[in-house]
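One structure is given here, and the rest of the page talks about it.
The values are calculated or read from the model by the stated rules, or taken from the named source; none is laboratory data. Note that the structure is predicted; figures quoted are calculated from it, not measured. We place every Cβ from the backbone using ideal geometry, glycine too, and count neighbours over all the protein chains shown.
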Amino acid sequence: MSTTAAPTDKTKAASNGAGSNGNFEHNMVLAKERYNIVGTRPVRHDGADKVTGRALYGADIKLSGMLEGAVLRSPHAHARIVSIDTSEAEAMEGVYAVVTAADMPESGDKIVDIGEGDTRLSYVRGNVLAHDKVRYCGPRHRGGRRCQHARRAAGLRKDQGRLRAAQSRDHHPGCHGRRRACHP
Amino acid sequence: MQKKVSVQATINGESQQFLCEPRQSLLEVLRDELDLTGVKEGCGDGNCGACTVELDGRLVCSCLVLGVEVDGSSLTTVEGVANRHELHPLQQCFLEDAALQCGICTPGFLVAAKNLLEKNPNPSEHEIRLHLANNLCRCTGYDKIVRAVQHAAERLNSVSA
Amino acid sequence: MHWIDYAAPQSLDEAVALFRKHGADARALAGGTDLLVQLEDGRRRNGFVIDIKKIPQLTAIDWDPVKGLTLGAAAPCYQIAANADVQEHYPGLHDVVEMIGGTPIQGRASVGGNLCNASPSADSIPVLIAYGAIAHIVGPDGVRHLPVEEFCVAPGKNALGEDEFLAALHLPPPDPHSGARYVRFIPRNEMDIAVVGVGVNVTLDGDKVSAARVALSAVAPTPLFVPAAGAALVGHPVSDETIAKAAQAAADAATPIDDMRGTAKYRKHLCGVMTRRALEAAVKRARGEKVSGPVHDV
């Protein structure tokens with residue numbers, strides 16, 4: 001097959017070249033042509049903004065009327081969620097909504113390709129907002145702390161979670177979710 | 001009574017006055033009150049170094065300083081590293097040596113590295129790594145960052161020589 | 001963070017009045033590297049933060065050959081590490097202050113704060129105990145003195161009364177022919193919490209040990225003074241055998257827990273190993289040899 005023969009030839013040519021000056025690994029393929037971009041080391045196009053602090057990330061943007069979220073993370077890894085009581089947080093002035101896994105659609109347990117290979121949908125769903133069982137003991141990763149209020153509301157639920165953890169040693173309750181990421 | 005406090009500080013060479021709540025961290029004040037969003041928030045508890053700024057010549061994690069504490073102080077953030085006309089050699093070397101990708105840790109690294117080179121113009125690789133041990137990078141890796149700092153030191157020394 | 005009020009007194013008297021007024025609601029702020037994290041995540045609920053850094057005595061570092069070393073409770077680690085008297089006379093303390101946290105933490109964190117935070121794994125406390133440091137506690141009735149080994153009473157709890165604060169730490173002048181050392185075991189080179197930490201101070205009389213103090217961290221609810229380890233050395237010549245006995249006494253005194261940093265059994269074993277290494281280095285210092293380099297083993 002000619003399609004497999006071509007790269008073999010190239011590899012051979014490259015390794016011959018490497019043999020002559022000894023600077024290259026044997027399996028390195030060298031281009032015979034010079035390209036404008038490939039093979040050069042351009043400075044990244046967003047670099048100047050990033051090294052001067054001008055680059056704007058999600059957490060850097062404020063919009064009028066924007067709501068702020070805060071995520072409650074589990075204090076325990078692999079904890080079973082017994083219950084989540086959001087009533088006190090919901091009753092707080094200024095709290096617009098409290099979201100738990102119960103607010104998300106039931107995904108069913110099918111295998112789908114979500115762009116990075118086949119994935120079990122029920123696992124993905126559990127990674128967005130935990131239901132039934134918490135997988136991680138979450139590090140506190142915060143996207144922005146503009147709204148102290150959201151933090152305190154999340155804190156309310158956290159305190160309650162701990163209370164129940166003390167009551168039931170084997171079934172640590174908790175709630176896990178993902179905060180707005182601060183990666184671009 | 002819950003009252004905001006008036007604070008005066010010199011930030012990147014300019015005198016600034018702002019109001020803040022005593023519970024607000026310097027990080028919150030810089031980002032939310034003064035719009036210096038180049039200062040990034042990572043862990044919020046002094047581990048990652050993304051929020052590193054210079055406070056009266058010393059590096060601090062701005063998440064571990066209260067805004068009210070800096071009254072009368074002088075601060076440098078990443079926004080103050082370059083001068084009006086050109087990038088600082090550190091910034092230039094970070095670009096040339098590809099020492100950044102997502103860029104969240106970069107402001108902290110730049111402020112910390114600038115602080116190092118001002119105190120020690122010829123740091124060894126070990127000294128660079130030790131000084132930057134409080135700055136975490138999760139995508140680029142440290143070798144390129146260390147190399148960029150070494151190149152910037154060479155460049156600064158050749159200019160001053 | 002919940003709402004807090006903030007005051008930065010300029011004198012000890014002002015601070016005394018503030019602590020008296022706010023009692024249990026008040027908490028002293030020095031470097032803030034522990035306190036602000038704890039207030040943020042709700043572990044501490046104090047409503048009044050008193051910044052003690054603006055009081056000149058509280059950041060002072062004074063050395064006197066007769067009186068010894070007085071460290072202001074809020075003096076940051078980098079200032080202590082850079083102090084020539086500390087470098088010359090208290091190398092064991094220098095071991096610690098140049099190693100706590102990274103550069104930005106050292107710019108703020110204080111030894112006094114490390115003590116008040118009363119963490120079982122605090123790095124500076126074993127070495128303070130080894131040096132026989134005394135805490136100067138200021139309250140409405142004046143100053144009282146407390147040996148550092150009695151200062152921590154439980155994890156995160158110290159012996160300060162509601163209206164008291166730590167003003168200074170006093171380290172007696174080192175005996176001639178004495179040497180101190182702090183070593184710790186951590187899984188990485190920088191920025192970690194001790195699995196086991198050991199602070200020792202040894203005084204030699206010829207080839208014999210005339211005084212010795214050993215203290216451990218991260219192996220008990222509070223940093224642990226081990227008089228039995230010192231007693232195993234005093235009156236005996238320095239030898240592998242006597243050092244091994246002291247190391248065994250340290251391991252026996254430890255009551256560690258299992259956690260993500262190591263099992264109790266492992267920690268007990270490490271206590272012996274690290275005590276031996278600390279003592280060997282302290283003896284070298286007592287004999288006038290220089291000991292530097294990393295203070296932790298990986």
Quick check on my filter: what residues within segment C:206-243 are assigned to a helix (DSSP H, G or I) and out of contact with any helix residue (DSSP H, G or I) (no Cβ under 7 Å at 6 or more places or on another chain)?
C:P227, C:G230, C:A231, C:D240, C:E241, C:T242
Report yes if C:D13 is within 9 Å of chain B (Cβ to nearest Cβ), over 17 Å from B:P22 (Cβ atoms) and surrounded by fewer than 22 Cβ atoms within 10 Å (Cβ to Cβ), otherwise no.
no
Against the definition (in a loop (DSSP other than H, G, I, E, B), β-branched (V, I, T), modelled with pLDDT of 50 or more and under 19 Å from the mean Cα position of the chain (by Cα)), how does A:V99 come out, yes or no?
yes
I need the helices (runs of 4 or more DSSP H) fully contained in segment B:77-136, keeping only those with at least 1 residues that are within 21 Å of C:T33 (Cβ to Cβ).
B:106-119, B:125-131
A:D46 is checked against (1) over 26 Å from B:G103 (Cα atoms); (2) within 13 Å of another protein chain (Cβ to nearest Cβ) and fails just one. What number does that condition carry?
(1)
Qualifying residue in segment C:38-54 (condition: touching a Cys at 6+ places or on another chain (Cβ under 6 Å) and either within 13 Å of chain B (Cβ to nearest Cβ) or among the basic types (K, R) (or both))
no
Every residue in segment B:35-71 that is among the hydrophobic types (A, V, I, L, M, F, W, C), within 12 Å of chain A (Cβ to nearest Cβ), part of a loop (DSSP other than H, G, I, E, B) and under 18 Å from B:V7 (Cα atoms), please.
B:L36
Going by what's in this entry, would C:V291 be described as within 26 Å of C:G101 (Cβ to Cβ), surrounded by fewer than 23 Cβ atoms within 10 Å (Cβ to Cβ) and touching a Lys or Arg at 6+ places or on another chain (Cβ under 8 Å)?
yes
Only one of C:A180, C:A194 is closer than 21 Å to C:S217 by Cα, of a type in the set (A, V, I, L, M, F, W, C) and modelled with pLDDT of 95 or more; which?
C:A180
Go through segment B:13-31 and report how many residues are crowded, with 18+ Cβ neighbours inside 10 Å and either within 10 Å of chain A (Cβ to nearest Cβ) or under 15 Å from B:T76 (Cα atoms) (or both).
10
When segment B:72-97 is checked residue by residue, the ones that are over 9 Å from the mean Cα position of the chain (by Cα), closer than 24 Å to A:A59 by Cα, of a type in the set (A, V, I, L, M, F, W, C) and at the interface with another protein chain (Cβ under 8 Å from one of its Cβ atoms) are B:A82, B:F94, B:L95
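The rows are residues; the columns are (1) surrounded by 22 or more Cβ atoms within 10 Å (Cβ to Cβ); (2) in contact with a Ser or Thr (Cβ under 7 Å, 6 or more places away or on another chain).
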position	(1), (2)
B:C61	yes, yes
B:S74	no, yes
B:T77	yes, no
B:G80	no, no
B:G103	yes, no
B:L110	yes, no
When you check A:E88 against the structure, is it more than 14 Å from chain B (Cβ to nearest Cβ) and surrounded by 12 or more Cβ atoms within 10 Å (Cβ to Cβ), yes or no?
yes
Taking strands (runs of 3 or more DSSP E) that do not extend beyond segment C:1-72, which have at least 3 residues that are modelled with pLDDT under 95?
none
Which of the following residues is surrounded by fewer than 24 Cβ atoms within 10 Å (Cβ to Cβ) and among the β-branched types (V, I, T): B:I145, B:I128?
B:I128
